[in-house]
1. Evaluate the following for LYS130: is it at pLDDT below 95 and surrounded by fewer than 18 Cβ atoms within 10 Å (Cβ to Cβ)?
2. If the requirement is being of a type in the set (Val, Ile, Thr), modelled with pLDDT under 95 and surrounded by 13 or more Cβ atoms within 10 Å (Cβ to Cβ), which of these qualifies: ILE119, ILE106?
3. Might you check whether a residue that is under 21 Å from LYS94 (Cβ atoms), in the same structural domain as ASN85 (by TED's automatic domain parsing) and among the polar types (S, T, N, Q) occurs anywhere in the range 113-126?
4. So ASP95 clears everything in (1) touching a strand residue (DSSP E or B) at 6+ places or on another chain (Cβ under 7 Å); (2) part of a loop (DSSP other than H, G, I, E, B); (3) at pLDDT below 90 except one condition, right? Which one?
5. Which residue pairs have Cβ atoms closer than 8 Å, lie 6 or more positions apart in sequence or on different chains, and pair a first residue in the range 130-157 that is assigned by TED's automatic domain parsing to the domain that holds ASP110 with a second residue that is buried (at least 18 other Cβ atoms within 10 Å of the Cβ) and of a type in the set (Lys, Arg)?
Amino acid sequence: MKTTLFLFILLISIGLNAQHTVVLNSGEKMDCIVLSLNEDVWDVVYEGEARKIHMKDVSSVFFKEYIAYDGKLIPEGNEKSIVVNGFPVKYKIKDRTFDREPKVSIGSQDKGTVVVDIIVDRYGNVLSAKAGAPGTNTSNNYLYVKAETAAKSAKFDENLKGPLKTEGTITIIY
């Protein structure tokens, strides 16, 4: 009985001082204490309760590290501007710059501004690009496809200590 009570008090006190962050594949972040890793199963204390988490469900584990930025686009961020093949291009993504500019081209006389929502990984690769974000002033599908293709051709600098995915925008003025 005394051992059980001691273990219970120990688990609660450990849970109140979380030293690790376990990020699951679902995106859920658990501030907890990692007790052990045995046969691909993490033993953790989360919210005062002992839990087991299979390694295949874990995306990342941060040990005594605080990550204030979660990769979401901060609207107040600085927008940078460049010119690519005569087309003005603006981009807004926290703490990142182009390693390789987007390949902007057009095969028509269509005009308009297309804002593309992008998601960039830690290595600078554009994982997804979706045209038509707020600020777009055209509904021309051809310009949407050209802007998405250009955005996917870009590469940003690495940020290996940053979030797994960073959101941002690329604006192309045709």
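The values are calculated or read from the model by the stated rules, or taken from the named source; none is laboratory data. Everything numeric here is computed off the predicted structure, so don't read it as measured data. Methodologically, a virtual Cβ is constructed for each residue, glycine included, from the backbone with ideal geometry; neighbour enumeration extends over all protein chains shown.
1. Values: at pLDDT below 95: no; surrounded by fewer than 18 Cβ atoms within 10 Å (Cβ to Cβ): yes.
It is false that LYS130 is at pLDDT below 95 and surrounded by fewer than 18 Cβ atoms within 10 Å (Cβ to Cβ).
2. On the way: ILE119 fails: modelled with pLDDT under 95.
Result: ILE106 is the single residue among ILE119, ILE106 that is of a type in the set (Val, Ile, Thr), modelled with pLDDT under 95 and surrounded by 13 or more Cβ atoms within 10 Å (Cβ to Cβ).
3. Here is the first cut: in the range 113-126, the ones under 21 Å from LYS94 (Cβ atoms) are 115-126.
Next cut, in the same structural domain as ASN85 (by TED's automatic domain parsing) only: 115-126.
Remaining after also requiring among the polar types (S, T, N, Q): 125.
There is at least one residue in the range 113-126 that is under 21 Å from LYS94 (Cβ atoms), in the same structural domain as ASN85 (by TED's automatic domain parsing) and among the polar types (S, T, N, Q).
4. Here ASP95 clears every test but (1).
5. PHE156/ARG96; ASP157/ARG96
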